[in-house]
């Protein structure tokens, strides 16, 4: 089963820059990996995550950590008599999962010398997926090393930057065994594809 990386069907998130502008590929200015750019910071807000409460999460990319670190979490009641238990159930991690793909930009192959930048969220064709089926199919073909490394870089970035397990992301998105996913990630790191991005086992983005 694919689609365990994101929860767009469950949580709708508004992602913006720190100055309040809608997050676009133009806001991704920090180079990571071999061909990705990311936004240096973001504010992600959701009214859907917890009934009657708007939850806002501010994240900042910290190079030494290789991921987004949460600087602030705010909760605002949207109606009277909101239960305090709702605040405790606010799914901060789910909001971050949805937000991070909006903060990662890349250039698609075959677009000419002046390729436009687009976000990972923009190329996600189906809710709950980080990459569309045709890209996943191309990445798993025998001998498609360059295409595969491109996809591993995207999947690793979208998960590691959010504090999520990259091996699981590769497994679920490409429908491959754990051992294969770990091997492809290892090869991508050796090839210099994952610089500036790290996953710390046991640590979440909001931990």
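Couple of notes before you dig in:
- Annotation: the residues 16, 67, sorted from fewest to most other C-beta atoms within 10 Å of their own C-beta, follow the order 16, 67.
- The equivalent ellipsoid that matches the C-alpha gyration tensor of the stretch 133-194 spans semi-axes of 16, 13, 11 angstrom, in descending order.
- Placing pseudo-labels 7 Å out from each Cα toward the beta carbon at residue 179 and residue 26 gives an inter-label distance of 4.9 nm.
- The modelled label-to-label distance for the pair residue 168/residue 141, using points 7 Å beyond Cα in the direction of Cβ, is 3.1 nm.
- Theoretical FRET efficiency, 1/(1+(r/R0)^6), r = Cβ-Cβ of residue 187 and residue 35, R0 25 Å, to 0.05: 0.95
- Computed FRET value (nearest 0.05) for residue 64 with residue 123, which takes r as the C-beta separation and R₀ as 30 Å: 0.55
All of the numbers you see were taken from the coordinates with simple rules; none came from a lab. Just so it is clear, the structure is predicted and the values come from calculations on it, not from any experiment. Using ideal geometry, Cβ is built from the backbone for each residue, glycine included, and neighbour counts are taken over all protein chains shown.
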